[in-house]
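Structure first, then comments.
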Amino acid sequence: MKRMGLFGGTFDPPHNGHLHIAKAFADELALDSVVFIPAGTPYHKAHALEATPQQRLAMVERAIAVDDRFSVSNCDILRPGATYSFDTVSIFRQVFPQTQLWWLLGMDSLLAIPTWHRYQAFLRDVNLAVAMRPSAQLSHLPPALQNWLPAALTKAQHQPDGIDGGRACLLKCETIDISSTQLRDACCVGQYEVLRKWVPAAVADYIKHEHLYQR
């Protein structure tokens, strides 16, 4: 049975923190592949995306060249209107019916899952891998997840195989403390040395060539 990881995000821009956690995602769960899924119109993001969908897709394509297990899908970009994680998982479930699917998300997103569109069905259809932050507190789980998470962790331990969802894993590898917002701000003031420290060279070259994030 194959295992596939799904990594959704705005990737505005993608950076080494994304690649670091995607590698841990693949390594710790023995995934055959990790699919980066740039967002189309994310309904839960407060800020407008600064790079176009095509530019973000192009940056991800350049970033993922570092690992043969990584690929990118434009499914959320092609769908009109707001894109929901439940619908994205449904698409992959239809295309890969015999594959175990894992969804990568951070602790902040985990805490917010009860606000997601059709979140209960989402939790049934996919398995969750949670990237932990040093200050993460599982004690802050909302009531809707307090029973679900222990059961999901137990299922992952005792029933690791199967194409059904409902499992959860807390990744041992912690996230890197860098954000796309910091990188956009650095580009805005011409601090490209910061950019080159935190993104692959091919992505940094693309950002400069396209004059991105020059507000």
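The values are calculated or read from the model by the stated rules, or taken from the named source; none is laboratory data. Keep in mind that what you see is a predicted model, and the values were worked out from it rather than measured. Here the Cβ is made from the backbone with ideal geometry for all residues, glycine too, and neighbour counts use every protein chain on show.
Here Ser135 qualifies as modelled with pLDDT under 95, polar (S, T, N, Q) and surrounded by fewer than 18 Cβ atoms within 10 Å (Cβ to Cβ).
From the list Asp177, Asp161, the one residue that fits, being over 21 Å from the mean Cα position of the chain (by Cα) and surrounded by fewer than 17 Cβ atoms within 10 Å (Cβ to Cβ), is Asp161.
Can we say Ser71 is part of a helix (DSSP H, G or I) and either modelled with pLDDT of 90 or more or polar (S, T, N, Q) (or both)?
Numbers: part of a helix (DSSP H, G or I): no; either modelled with pLDDT of 90 or more or polar (S, T, N, Q) (or both): yes.
It is false that Ser71 is part of a helix (DSSP H, G or I) and either modelled with pLDDT of 90 or more or polar (S, T, N, Q) (or both).
Taken over the stretch 154-178, the criterion of being among the hydrophobic types (A, V, I, L, M, F, W, C) and under 13 Å from Val126 (Cα atoms) is satisfied by Ala156, Ile163, Ala168, Cys169. Going through (1) within 18 Å of Cys173 (Cβ to Cβ); (2) touching a strand residue (DSSP E or B) at 6+ places or on another chain (Cβ under 7 Å); (3) assigned to a helix (DSSP H, G or I); (4) not small (Gly, Ala, Ser) one by one, Asp108 falls short only on (2).
Per-residue answers, yes or no, for (1) surrounded by 13 or more Cβ atoms within 10 Å (Cβ to Cβ); (2) of a type in the set (Asp, Glu):
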position	(1), (2)
Trp102	yes, no
Gly106	yes, no
Asn127	yes, no
Thr154	no, no
Leu170	yes, no
Glu193	no, yes
Leu212	yes, no
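Just need a number here: residues in the stretch 1-34 that are of a type outside the set (D, E, K, R), assigned to a loop (DSSP other than H, G, I, E, B) and at pLDDT 95 or above. Here the count works out to 7.
Residues are listed down the side, and each one gets a yes or a no for (1) modelled with pLDDT of 95 or more; (2) out of contact with any helix residue (DSSP H, G or I) (no Cβ under 9 Å at 6 or more places or on another chain); (3) not in a helix (DSSP H, G or I):
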site: Ala121; (1), (2), (3): yes, no, no
site: Ile176; (1), (2), (3): no, no, yes
site: Leu183; (1), (2), (3): no, no, no
site: Val203; (1), (2), (3): yes, no, no
site: Arg215; (1), (2), (3): no, no, yes
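Checking each residue in the stretch 1-30 for being out of contact with any Asp or Glu (no Cβ under 7 Å at 6 or more places or on another chain) and under 13 Å from Ile178 (Cα atoms) picks out Phe11, Pro13, Pro14, His15, Asn16, Gly17, His18, Leu19, His20, Ile21. Residues in the stretch 75-90 that are hydrophobic (A, V, I, L, M, F, W, C) and either part of a strand (DSSP E or B) or surrounded by fewer than 15 Cβ atoms within 10 Å (Cβ to Cβ) (or both): Leu78, Ala82. Residues in the stretch 35-44 that are more than 12 Å from the chain's Cα centre (by Cα) and either closer than 16 Å to Ser180 by Cα or at pLDDT 95 or above (or both): Pro42 alone.
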